[in-house]
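Take a look at this one; I'll ask things after.
No lab work stands behind these numbers, since they all come straight from the coordinates. The structure presented is a predicted model; accordingly, all values stated were derived computationally and were not measured. A quick note on method: Cβ atoms are made from the backbone with ideal geometry, for glycine too, and the neighbour counts reach across all protein chains shown.
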Amino acid sequence: MQNFTFHNPTRIIFGEGQIAALDAHVPPDARVLITFGGGSIKSNGVLVQVQAALGDRAWHVFGGIEPNPTYETLMEAVALAREKNIDFLLAVGGGSVIDGTKFIAAALRFDGEPWDILAKQVEVCDAMPFGTVLTLPATGSEMNNGGVISHRAKGDKLPFRSDATYPVFSVLDPVTTYSLPPRQIANGVVDAFVHIVEQYLTYPVDARVQDRFAEGLLITLTEVGPQALAEPHNYAVRANLMWTATLALNGLIGAGVPQDWATHMLGHEITALHGLDHAQTLAIVLPAMLSARRESKRAKLLQYAERVWNITEGSEDERVSAAITATRVFFERMSVGTRLRDYQIGGQSISTLIAKLGEHGMTALGEHGDVTLDVSRQVYQLAV
Ligand code: NZQ
Ligand code: ZN
């Protein structure tokens with residue numbers, strides 16, 4: 001096992017009816033800015049519950065944070081927060097709203113041009129405190145310190161992270177997910193699955209409990225993913241999905257093990273260029289990525305084949321191939337297409353995607369730093 005430091009300060013408040021607990025966790029004298037997306041929280045009754053829980057506190061709202069939140073929109077929220085003397089942010093929504101709120105929190109206390117946090121990876125040393133009410137199990141943003149922000153004018157989508165941008169608390173009420181369209185449930189399952197794979201499917205370092213946690217979370221997703229689509233109001237299924245997605249990216253399974261993240265970086269470029277959902281890009285890239293790197297990942301691919309998919313027959317090569325196929329079939333069973341052509345994208349985009357990766361310094365990705373632009377090109381080609 002590798003050396004590590006693990007610290008996660010986010011309090012999780014989990015279960016049906018827990019939005020009411022906001023009253024106990026938002027400071028009593030806070031001036032709150034509620035941030036949200038396109039309006040799902042109005043139609044599903046979540047906003048009303050949030051407002052009721054805030055009681056007499058002074059609060060304002062900022063809506064319109066889009067999926068793949070943009071710098072342009074978020075800077076409008078920064079201006080509103082300054083105008084209203086806000087001192088606490090409350091993100092109510094999915095990963096985009098939470099990521100966007102992390103950026104708002106950082107930008108409010110940042111000296112200089114906030115886009116440099118992404119473009120130049122300038123360290124964020126301070127941020128306004130914020131809590132979240134999660135409505136979409138997927139990203140893990142509710143219990144981690146990272147965010148991914150897009151710049152519409154520049155066509156960039158870039159990640160940042162900081163110890164200052166952990167949520168103070170996150171409320172996870174599985175009932176809030178009942179109103180999710182099937183596409184977003186499927187996206188969430190795929191995103192969480194790939195988060196686990198990025199931290200698990202690298203090379204062995206004898207980290208037994210991290211491996212078994214990861215395998216348990218993956219197996220749980222293969223069970224609850226299809227159930228969540230088939231039975232949208234099954235509380236137990238939604239509760240298991242919600243907690244699995246949080247554990248997939250709250251630092252626990254990634255402590256002490258090598259991590260990959262090349263699939264995410266190649267996926268971000270597809271979203272920036274073509275506007276696909278984050279999870280759709282991962283479903284496209286991951287099977288191709290595993291195929292292209294099957295030699296350097298061989299030991300873990302064999303372990304994944306056996307422990308997650310019960311593949312024990314055949315030669316090593318056959319088992320590796322079967323595990324990659326099982327992954328693709330699972331994503332397709334969730335109705336998420338796994339090839340660029342499923343989204344009417346052809347090979348002619350690849351040179352632009354590679355140029356953007358180069359521009360963003362993504363030239364030595366992966367657990368060995370050996371995913372060069374040539375390897376990335378091969379992955380995109382395999383994904384057509
Ligand atoms: O905007 P509203 O109206 O709320 O609708 C949203 C949006 O259209 C809708 N939705 C959310 N909760 C709902 C609901 N609709 C009905 N009922 C509900 N309960 O779902 C749509 C998608 O929402 P979004 O927040 O964009 O989805 P997701 O949670 O998948 O977040 C994706 C973003 O997170 C980033 C991605 O890159 C992407 O920008 N990621 C963040 C990570 C992190 N912070 O650690 C890691 C991930 O790898 C990922 O990169
Ligand atoms: Zn992701």
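Which FRET efficiency, nearest 0.05, do ALA364 and HIS151 yield, Cβ-Cβ r, R0 22 Å?
Calculated value: 0.40.
Same structure again: Expressed in nm to one decimal, what extension gain is obtained for the pair ARG341 and GLU83 from 0.36 nm per residue of sequence separation less their Cα-Cα distance? Provide the component values of the computation, followed by the final result.
Numbers: separation 258, 0.36 × 258 = 92.88 nm, distance 4.65 nm.
Stretched fully, the ARG341-GLU83 segment lengthens by 88.2 nm.
Continuing with this model, one more query. So if I take the centroid of the Cα atoms in region 311-384 and the same for region 1-75, what is the distance between those two points in Å?
35 Å
Say we join alpha carbon atoms closer than 10 Å with springs in a Gaussian network model of the chain; which of VAL122, VAL194, VAL237 then has the biggest fluctuation?
Comparing VAL122, VAL194, VAL237 in a Gaussian network model of the chain, the most mobile one is VAL122.
Does region 298-384 classify as rounded, prolate or oblate by the C-alpha gyration tensor (a ≥ b ≥ c root eigenvalues; a/c under 1.5 gives rounded; else a/b over b/c gives prolate, otherwise oblate)?
oblate
In nanometres, what is the gap between the two model label sites at ALA236 and GLU318, each 7 Å from Cα along Cα-to-Cβ?
3.8 nm
Apply the membrane-span-like helix rule to the chain: whole DSSP H runs, Cα extent along the own long axis of at least 20 Å, mean Kyte-Doolittle hydropathy at least -0.5. List the helices found. Walk me through the numbers on the way to the answer.
Numbers: long enough: 182-200 (27 Å, 0.19); 208-230 (34 Å, 0.26); 278-292 (21 Å, 1.29); 316-333 (25 Å, -0.32).
Qualifying helices: 182-200, 208-230, 278-292, 316-333.
Pick out which of ASN85, ASN44, ASN187 has the largest mean-square fluctuation in a Gaussian network model of the chain, springs linking Cα atoms closer than 10 Å.
ASN85
Further question on the same structure: If N is the number of residues in region 117-249, what value comes out of its Cα radius of gyration divided by 2.2 N^0.38 Å?
My calculation over the Cα atoms of region 117-249 gives 1.15.
If you don't mind, there's one more thing I want to ask. Would you mind calculating the relative contact order of the chain from Cα pairs under 8 angstrom and at least 6 residues apart, reporting the percent as a whole number?
The normalised contact order for the chain reaches 16 percent.
Additional query: Could you estimate the translational diffusion coefficient of the chain from the Stokes-Einstein equation, with Rh from the Kirkwood formula over C-alpha pairs, at 37 °C and 0.692 mPa s, in whole µm²/s?
So the translational diffusion coefficient is about 155 µm²/s.
What percent do you get for the relative contact order of region 136-244 when only Cα pairs under 8 Å and 6+ apart count?
This gives 31 percent for region 136-244.
State which entries of LYS102/LYS300; LYS120/LYS157; LYS102/LYS297; LYS120/LYS154; LYS102/LYS157; LYS42/LYS84 exceed 24 angstrom in Cα-Cα distance in the structure shown.
Flagged as over cut-off: LYS102/LYS300; LYS102/LYS297.
Now a separate question. Efficiency by 1/(1 + (r/R0)^6): what FRET value for TYR178 and ALA21, r their Cβ-Cβ distance, R0 = 25 Å, to the nearest 0.05?
0.85
Now for a separate question. So for the pair ASN310, ASN8, with labels modelled 7 Å out along Cα→Cβ, what separation do we get in nm?
Inter-label distance under the simple model: 2.9 nm.
Which value in nm describes the separation of the simple spin-label points at ILE219 and SER43, placed 7 Å from the Cα toward the beta carbon?
Each label point lies 7 Å from its Cα, and together they span 3.8 nm.
Could you work out which residue, out of GLY140, GLY100, GLY38, moves most in a Gaussian network model of the chain, that is, has the largest mean-square fluctuation with Cα springs under 10 Å?
It is GLY38.
Is the shape of region 16-132 rounded, prolate or oblate, going by the alpha carbon gyration tensor and its root eigenvalues a ≥ b ≥ c, with a/c under 1.5 for rounded and a/b larger than b/c for prolate?
It is prolate, given that a/c is not under 1.5 and a/b is the larger ratio.
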